[in-house]
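Structure record follows, encoded as structure tokens.
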């Protein structure tokens, strides 16, 4: 097999505009089957580390192990940081220890910390032993901070300068320094006690005269982040104040590291993904997860859903005689519950998102609740007219149409109210509203929908 007449990745995109397309994966796996190390290297050479990580996640365990063993001498540390947590430990176990050590040394401290957080202790020690003493000390210090905190998120490589320096001194320092980070956006100004006092962008430094003092170029949007601050709050601050990077300080206010926008946006993206998955009751999930692991995570919430369904069935059983006499009720009652459930989910999604972005607070909570209830009322009235006509034409009973229309209006109002109140209350109680709200809201709309519809029917139609 030869690649002389075949364009390499990077020369063109795949059929769907994505480099890692089906044909390229097939070519890579063919090279692995043949044991063609050079061809495999050529195929992977121009792929980004994130694309190689995607490839490892897409193929099965057997092919993954063969590919890594064939490619391991060129294995890039960035691939490890891009890998999904569910298979990262497996990949590390396959890598040659020498290759692993070299790959880890290429990473910045924040990436090493992220790598270590999800590994077992023996693998953590193997990676720590591969680091230089200074890097190991920095990583261990970051690991001493609470999980999901700014201290875990920050990188220790910081470009700093005394606040009395001028532009020329800063430029000379950066030109002569041997250990500058590969990417940075600010020079952090510090006082004699190592307390950060401001940020100066590289653009302003390069565009200013050498004699100008750095203190005169400081940005107005300067934020200092405590090392123990939750990473969700860090991501919110970056998004809210349009930060590019921000210094992190220890308990005494001294500069400990810096967080950059790429790390903050990763947290924000993870939080959004987590909220979406939890709203569906599946928690943390990945396409690489095993069948048993996926089933185990989904089972508890399905069990909760079963219990709530039984509650709704118990309500229906209280009107068994009414349903037996008016079979049309059994045909129509799922409509009331379904419409209420969908309306509740709409309000719930808006509320959970607003809580995550801190747009929904104690100052505006009652206004939002009133708005959602009124939206439910308005939408309920619109669909009540439709259902009333349907009920009258279908079953020839104007009163039946009036009953189902009235029940729908009331349940839509309840849905709007519950969809906002439930996540707010759960948030106040310290329970993740994205994880638990859906069950409570759908139970409320189902139970109340059946109760109102069947209760009205038993009073009005019998």
Rounded to the nearest 0.05, what FRET efficiency is calculated for residue 429 and residue 366 with R0 set to 22 Å and r the Cβ-Cβ distance? 0.75
Which whole-number percent gives the relative contact order of the chain, counting Cα pairs below 8 Å spaced six or more residues apart? 10 percent
A correct fewest-to-most ranking of 71, 241 by other Cβ atoms within 10 Å would be 241, 71
Please express the shape of segment 163-262 as an equivalent ellipsoid: the semi-axes are the square roots of 5 times the eigenvalues of the C-alpha gyration tensor, given largest first in whole angstrom. 24, 15, 13
Using Cα pairs under 8 angstrom and six or more residues apart, how large is the relative contact order of segment 132-261, in percent? 29 percent
Binning at 5 angstrom from zero up to the longest distance, how are the C-alpha pair distances of segment 291-460 distributed in percent? 1, 9, 16, 18, 17, 14, 11, 7, 4, 2, 0
Does segment 418-462 come out rounded, prolate or oblate by the C-alpha gyration tensor, with a ≥ b ≥ c the root eigenvalues, rounded set by a/c under 1.5 and, if not, prolate when a/b is larger than b/c and oblate if not? prolate
Taking the highest mean first, how do the peptides 367-378, 419-430, 402-413 order by number of other beta carbon atoms within 10 angstrom per residue? 402-413, 419-430, 367-378
Rg(Cα) of the chain divided by 2.2 N^0.38 Å? 1.30
Computed over segment 22-144, the relative contact order (Cα-Cα under 8 Å, seq sep at least six) in percent reads 21 percent
Can you bin segment 20-78 into rounded, prolate or oblate? Criterion: square roots of the alpha carbon gyration tensor eigenvalues sorted a ≥ b ≥ c, rounded for a/c under 1.5, prolate for a/b above b/c, oblate for the rest. rounded
Normalise the Cα radius of gyration of segment 22-144 by 2.2 N^0.38 Å (N = residues in it) and let me know the number. 1.07
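Computed from the coordinates by the stated procedures, all read-outs in this text should not be read as laboratory data. Keep in mind that what you see is a predicted model, and the values were worked out from it rather than measured. Glycine also receives a Cβ, built like all others from the backbone with ideal geometry; neighbour counts cover every protein chain displayed.
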